[in-house]
1. Compute the distance from the alpha-carbon center of the range 157-222 to that of the range 54-118, in whole Å.
2. Build a GNM of the chain with springs between Cα atoms under 10 Å: which of 93, 158, 129 gets the top mean-square fluctuation?
3. Give a quick list of chymotrypsin sites (Phe, Trp or Tyr not before Pro) in the range 1-104 that DSSP marks as loop, anything other than H, G, I, E or B, with at most 11 other Cβ atoms within 10 Å.
4. Please tell me the relative contact order of the range 158-218 in percent, rounded to the nearest whole number, where contacts are Cα pairs under 8 Å and at least six residues apart.
5. Rounded to whole Hz and in sequence order, give me ³J(HN,Hα) for the range 69-83 from the Karplus expression 6.51 cos²θ - 1.76 cosθ + 1.60, θ = phi - 60°, writing x for Gly and Pro.
6. Skipping prolines and chain starts, which residues have an amide H placed within reach, meaning under 5 Å, of the one on residue 65, given they are 5 or more residues away or on another chain?
7. Considering the chain as a Gaussian network with a 10 Å cut-off on Cα pairs, which listed residue, 218, 92, 189, attains the greatest mean-square fluctuation?
8. Under a GNM of the chain (C-alpha, springs under 10 Å), which listed residue has the highest mean-square fluctuation: 30, 220, 173?
Amino acid sequence: MLIAGNWKMNTDLPGGLALARALAAGVQEAGEEAFADVDLAVCPPYVHLSGIADVLADVPVAVGAQNVHAEEEGAYTGEISAAMLTSAGCTHVIVGHSERREAFGETDADVRAKIVQARSHGLVPILCVGETIEQRRAGNAAAVVRRQLDGALDGVDVDTADDLIVAYEPIWAIGTGETATPEQAQEMHALIRRDLTDRFGDPAADVEILYGGSMKRHNAAGLLRQPDVTGGLVGGASLTADHFLDIARHAAAQVPA
């Protein structure tokens with residue numbers, strides 16, 4: 001299982017470093033066995049990355065970015081390349097988040113190009129897919145998610161489960177107070193698992209599929225008990241170290257002994 005925190009545009013640099021220190025202290029206090037079967041990662045704002053990578057260097061918490069440019073380098077003012085991310089200590093990167101798609105007009109083709117670029121630098125892409133409330137009410141949720149997978153993964157090779165992570169975002173459940181029921185989450189995660197298996201065969205069986213619709217410590221256990229929910233992309237709850245680690249404990253409790 002993987003529990004990844006998406007800090008979005010939150011915390012200034014002192015606050016981000018303090019949050020990382022609290023997270024490191026919590027992991028150390030819990031002991032090595034507490035999260036032995038759960039991978040942890042945080043995705044802070046760009047300006048925090050190298051400092052937070054230093055803070056977390058001695059604990060098993062990976063560092064990822066929230067976005068990456070599709071080009072290797074060039075005249076792209078304000079953008080960040082995959083090489084920059086790896087040099088700052090990143091191992092993962094979020095691509096295709098619903099907020100990027102909606103606010104910045106990112107297309108499935110854009111997302112695919114970013115996946116290819118990330119992979120070429122050894123970054124593990126966390127591909128986000130999910131539907132709006134209008135699409136769900138119209139009965140189009142499954143078609144939307146399949147279309148996003150098609151667009152993002154066309155021609156992409158996945159040889160091992162470590163090549164890709166998928167996060168299902170029910171957009172209607174992000175920051176709205178709504179949460180998909182465990183059964184709704186499982187239905188969509190199972191659809192994603194079938195799609196990945198059809199594309200990539202055996203490696204897809206172990207690709208992590210994260211729930212990204214406002215996972216909190218009070219609802220994490222029910223979601224993580226579902227067979228195809230193998231982690232969480234955690235937003236607001238990742239901004240409090242204790243809440244984030246409580247979710248990780250729920251994940252650890254679901255891993256077979």
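Bear in mind that the values in this text are calculations on the coordinates, not laboratory data. For clarity, every value in this text was computed on a predicted model and none was experimentally measured. We place every Cβ from the backbone using ideal geometry, glycine too, and count neighbours over all the protein chains shown.
1. That distance is 20 Å.
2. So, out of 93, 158, 129, the one fluctuating most is 158.
3. Those satisfying the criteria are 76.
4. 57
5. Each residue's phi maps through the Karplus curve to give 7, 7, 9, 5, 6, x, 7, 10, 3, x, 9, 10, 8, 4, 4 Hz.
6. 92, 93, 94
7. Checking each option, the largest mean-square fluctuation is seen for 218.
8. Looking only at 30, 220, 173, the largest GNM fluctuation is found for 30.
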